[in-house]
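Right, one structure below, let's go through it.
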Amino acid sequence: MSEKTNAGQGELSGILLIDKPEGFTSFDVVAKVRGIARTRKVGHGGTLDPMATGVLPLFLGAATKACDILPDQTKAYEAWFRLGQTTDTQDCTGKVLSEREVSCTAAQVEEALSRFRGDFLQTPPMYSAIWVQGRRLYDLAREGVEVERQSRPVTVHELRLLEAREENHLYKIYVSCSKGTYVRTICHDVGQALGCGAVMTGLRRVISSGYRVEDAITIEQAQQMADADTLREKVLPVETAFTAYEKIRLTAKNARLFQNGVRLSSSRVGCAGIKGDFCVFGPDGQFLGLGCEEQGELRIRKLFVR
């Protein structure tokens, strides 16, 4: 099946992968790209802290409908941390809370990392965007207020030590984890497990929802491509976010009926027995949206075609 994007030649619609620079918030990047792409509708697929760099999927135009229904929420990071110190933010940008002597070896760091693989409960840091009693935790933290945070289940699929600089107490790790996992908290907790404390000194997201940083472009490159009227070449079809889903193709008549919300017999359109959501395409390979089977009928889950 040769699927086509529904972006057309008008306003950009699809997914643009940006390599977020250090010092920018995710919302800063959204604002920049909104101007570069000349579109009001821009969303992002997963917040990055200002100190972090790496892949930030941006959803343009009609593709913003996909932001909250992405099937792959796995993130992967490369992070540096330094032993011997703790801060109020759990990274090197915060106020120093403690400093201790370090006598740990790389082997001991490896052993400590083993405690943070798989499923476990993680207590979010105070400097985070989580809402508590109607306020963001980081706003409370800036006022010097600390509140009790409820631990949340997270999953670390992979945690590897990539580099060890024992003489400087610096370590680089690779972390593949579920959405909502705080890598700086993993670094902090590893330091606590070793008895000397730790702060994250660098963070780069290399995978987000299946998209890789090597496929991303910088904000500067996006501007250059927009000036040359070639930015469209880097915009991915929104259906690339749903490659794990099964696909069905409708006839021209059924495609029109589907878009108009008419319920179609699942056995007649070829979706009988498909569990969960699936991708629905028109006869020419145009992505129409997501569908699901309910009570023997094809129903709309989300429409992306205009």
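What follows draws every value from the coordinates through simple rules; no lab data is involved. Since we're looking at a predicted model, the values are computed, not measured. Quick reminder, even Gly has a Cβ in these numbers, built from the backbone with ideal geometry, and neighbours come from all protein chains shown.
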>> Among 245, 273, 210, whose Cα projects farthest towards the positive end of the dipole of the chain, with charges put on the beta-carbon of Lys, Arg (+1) and Asp, Glu (-1)?
In response: 273
> Can you give the relative contact order of the chain as a percent, counting alpha carbon pairs under 8 Å and 6+ residues apart?
Replying inline: 23
>> Under the rule a/c < 1.5 gives rounded, and otherwise a/b versus b/c splits prolate from oblate, where does segment 75-207 land using the Cα gyration tensor?
In response: oblate
>> Ignoring everything except DSSP H segments at least 4 long, calculate the 222 nm mean residue ellipticity for the chain; use -39,500 (n - 2.57) per segment, divide by total residues, nearest 500.
In response: -5500 deg cm²/dmol
>> Mean-square fluctuation check for the chain, GNM, Cα pairs under 10 Å: which of 35, 291, 191 is largest?
In response: 35
>> I want to verify a result. In a Gaussian network model of the chain, Cα cutoff 10 Å, which of these has the top mean-square fluctuation: 122, 295, 221?
In response: 295
> In what order do 267, 176, 208 fall by count of nearby beta-carbon atoms within 10 Å, going from fewest to most?
Replying inline: 267, 176, 208
> Quick one: how many lysine pairs in the chain have C-alpha atoms under 15 angstrom apart, if they're 8 or more apart or on different chains?
Replying inline: 10
> By counting other Cβ atoms within 10 Å of each Cβ, how are 230, 93, 86 ranked from fewest to most?
Replying inline: 230, 93, 86
> Loop-only check: which chymotrypsin sites (Phe, Trp or Tyr not before Pro) in segment 123-195 are DSSP coil with at most 11 other Cβ within 10 angstrom?
Replying inline: none
> Full extension from residue 11 to residue 140: what is 0.36 nm times the residue separation minus their Cα-Cα distance, to one decimal in nm?
Replying inline: 42.4 nm
> If you rank 27, 304 by fewest surrounding Cβ atoms within 10 Å, what's the result?
Replying inline: 27, 304
>> I'm spelling it out carefully: the read-out is log10 I(q)/I(0) by the Debye sum over Cα atoms at q = 0.08, 0.09, 0.12, 0.16 Å⁻¹, the candidates are (1) -0.36, -0.46, -0.83, -1.41; (2) -0.45, -0.56, -0.88, -1.22; (3) -0.37, -0.47, -0.80, -1.27, and one was derived from this structure. Which label?
In response: (2)
>> What does the charge count around residue 121 come to, taking other residues whose C-beta lies under 15 Å from its C-beta (Lys +1, Arg +1, Asp -1, Glu -1)?
In response: +1
>> Let me check I've understood the local charge: for residue 43, count other residues with C-beta under 12 angstrom from its C-beta, Lys and Arg +1, Asp and Glu -1. What total comes out?
In response: +3
> Which of 204, 34, 115 moves most in a GNM of the chain, Cα contacts under 10 Å?
Replying inline: 115
> Once the piece of chain linking residue 72 and residue 99 is laid out straight, how much longer is it, given 0.36 nm per residue of separation minus the C-alpha distance between them?
Replying inline: 5.8 nm
